[in-house]
């Protein structure tokens, strides 16, 4: 990290070192990958970055240049699955794209610790559903609604419910409050304006309607606003399998009725998003 970035990080190291062989997921990440890698290596085993537009060509040399692991980490191999290159197609009532993954696998030559840095082209909600069984860190910032942004409502139900269903109890939820459209989670936009400072004062815990507690434990610098680190203490009754399944279905429909096409034989004419034929992407 640069000196400027280090000056902007206010986070007790215990919240990082408590993670063991963890998973970090960052949807709509673009190329904002250096800070999460710097912060959480070597405590995270797998970094998953998902983006629709920026990862059109998986052979782009920029991917490797962005991975700023310490020098003791050596690249073991790089694997591409799915279409090497694809762009989304806009239909009258949905968008479709061929998903693809580029997975860089590293190992620490001193400790043999292995790290996967995975870039996935496609819709983040599919990546969360298919690639993540348990999540230690959710990272999301620098996004917007409208032109130039993803329009993805990750800080809004039902998407946030999908994320929390995967997040471990005590896991970290890191965001600048991008695309937070519901009052229930307005505290995620803390300090972005004077109104929020008064209504959502620092130093207190916040609860969502499901009883999950969000405790602000740090700040790691600005994006579209300050990026805060929230520790989530989950309501023990939160993870209901049927409601989680329903949340994912609702979230997929919310993402502009999206489709991910596995091959030319897929039915791309359905109004609602199709289920991927393979979980490997």
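A few notes on this one:
- Any hit, the range 214-227, residues being modelled with pLDDT of 90 or more and in a loop (DSSP other than H, G, I, E, B): no
- Hey, residue 80 modelled with pLDDT of 95 or more and surrounded by fewer than 17 Cβ atoms within 10 Å (Cβ to Cβ) or not: yes
- Being modelled with pLDDT under 95, surrounded by 14 or more Cβ atoms within 10 Å (Cβ to Cβ), closer than 18 Å to residue 232 by Cβ and in contact with a strand residue (DSSP E or B) (Cβ under 6 Å, 6 or more places away or on another chain) is a property that residue 188 has.
- Residue count, the range 92-125 (criterion: farther than 16 Å from residue 23 by Cβ and either in contact with a strand residue (DSSP E or B) (Cβ under 6 Å, 6 or more places away or on another chain) or in contact (Cβ under 8 Å) with a residue 40 or more places away in the chain (or both)): 17
- Put simply, of 75, 35, 69 the only residue that is in contact (Cβ under 8 Å) with a residue 24 or more places away in the chain and either in a strand (DSSP E or B) or out of contact with any strand residue (DSSP E or B) (no Cβ under 8 Å at 6 or more places or on another chain) (or both) is 75.
- Qualifying residue in the range 193-206 (condition: at pLDDT 90 or above and surrounded by 15 or more Cβ atoms within 10 Å (Cβ to Cβ)): yes
- Here residue 133 qualifies as farther than 18 Å from residue 53 by Cβ, touching a helix residue (DSSP H, G or I) at 6+ places or on another chain (Cβ under 8 Å), surrounded by fewer than 24 Cβ atoms within 10 Å (Cβ to Cβ) and modelled with pLDDT of 90 or more.
- Yes/no for residue 80 being free of Cβ contacts under 8 Å to residues at least 24 places away in the same chain and over 22 Å from residue 223 (Cβ atoms): yes
- Within the range 228-244, being at pLDDT 65 or above and farther than 20 Å from residue 16 by Cα holds for 235, 236, 237, 238.
- Some residue of the range 106-113 being within 20 Å of the chain's Cα centre (by Cα) and surrounded by 13 or more Cβ atoms within 10 Å (Cβ to Cβ): no
Every residue, every condition in (1) crowded, with 21+ Cβ neighbours inside 10 Å; (2) under 16 Å from the mean Cα position of the chain (by Cα); (3) over 30 Å from residue 14 (Cβ atoms), yes or no:
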position	(1), (2), (3)
43	no, no, no
51	yes, yes, yes
58	yes, no, yes
68	no, no, no
90	no, no, yes
115	yes, no, no
123	yes, yes, yes
128	yes, yes, no
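The values are calculated or read from the model by the stated rules, or taken from the named source; none is laboratory data. Bear in mind that the values here come from a model prediction, so they are computed numbers and not experimental data. In this analysis, Cβ positions are derived from the backbone assuming ideal geometry, glycine residues included, and neighbour counts consider all displayed protein chains.
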